[in-house]
Amino acid sequence: MTPGNKWTDIALGAAGILQAATLVEQLARTGFVPTDAYTVSVNSLFDLNPPSAIAVYGEVANLRLGLEALRTFLLSSRHLQSDTMRYVAGILHLQSRLAKQPDMLAVIASRLQQAAEQARLFGPVHDNVIANLGDLYSNTISRFRFRIQVNGDPAYLQQQRIANQVRALLLAAIRAATLWRQLGGNRMQILLQRKRLLTATESLLREIG
């Protein structure tokens, strides 16, 4: 992957995590997610060797939801839903655990290649594709002792279709966390270099217009 501007790339990776986590929170509470943002997050799972950070998401505008959430967090973390940030913390923890499991990573990569073929036939958010991704999450990430507890309306979360969507989004968030770390992202930047990250985030949002 060809590196771009360091802080721009890190902001894009962080926005990918926050977009998927925000969608999990929305889906669990309302049973609905914006189709465009949802499709972008799921589709990011199918490009395992992108030429650049933005190539994972197609274009900057596709990460508007995540960039806006990132800006809000950087300005004042209290303004984000607590569940969203709890999901982000859990996602980063699971990604660090996954990075130490080469066998599981190989299984995930193989299954994602299969899902990518399925997505090319039916579309990335077809029920069959999402069910496949949900099953992949259940058979890999869910085997860790630590699990992300998703809060929301039981009437939605008990529906198999929505449960699959949640798992697919969590998988997309973990993929974004992997990208973020590959691009040089780390937690200390939030404490020590917050202004640089905020500047990059606001620049990307201005680019969208």
Self-check item: Candidates 26, 19, filtered to the one that is within 19 Å of residue 148 (Cβ to Cβ), touching a Pro at 6+ places or on another chain (Cβ under 9 Å) and either buried (at least 18 other Cβ atoms within 10 Å of the Cβ) or modelled with pLDDT of 95 or more (or both)
Solution: 26
Quiz item: Among all residue pairs at least 6 apart or on different chains, which show Cβ distances below 8 Å where the first residue, located in the stretch 47-65, is closer than 20 Å to residue 120 by Cα and the second is of a type in the set (Asp, Glu) and not in a helix (DSSP H, G or I)?
Solution: 55/47; 56/47
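Among the residues of the stretch 34-56 satisfying the criterion of being crowded, with 23+ Cβ neighbours inside 10 Å and modelled with pLDDT of 95 or more, which is nearest to residue 17 (Cα to Cα)? Steps first, please.
Applying the first criterion (crowded, with 23+ Cβ neighbours inside 10 Å) to the stretch 34-56 yields 38, 40-42, 44-45, 53, 56.
From the residues that got through so far, the ones that are modelled with pLDDT of 95 or more too are 38, 40-42, 44-45.
Numbers: 38: 12, 40: 12, 41: 9, 42: 12, 44: 11, 45: 12 Å.
By that ranking, first place goes to 41.
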Self-check item: Within the stretch 53-94, considering residues that are outside any helix (DSSP H, G or I) and either out of contact with any helix residue (DSSP H, G or I) (no Cβ under 8 Å at 6 or more places or on another chain) or among the aromatic types (Phe, Trp, Tyr) (or both), the one nearest to residue 117 (Cα to Cα)
Solution: 57
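The values are calculated or read from the model by the stated rules, or taken from the named source; none is laboratory data. Computed from a predicted model, the values in this text were never measured in an experiment. Quick reminder, even Gly has a Cβ in these numbers, built from the backbone with ideal geometry, and neighbours come from all protein chains shown.
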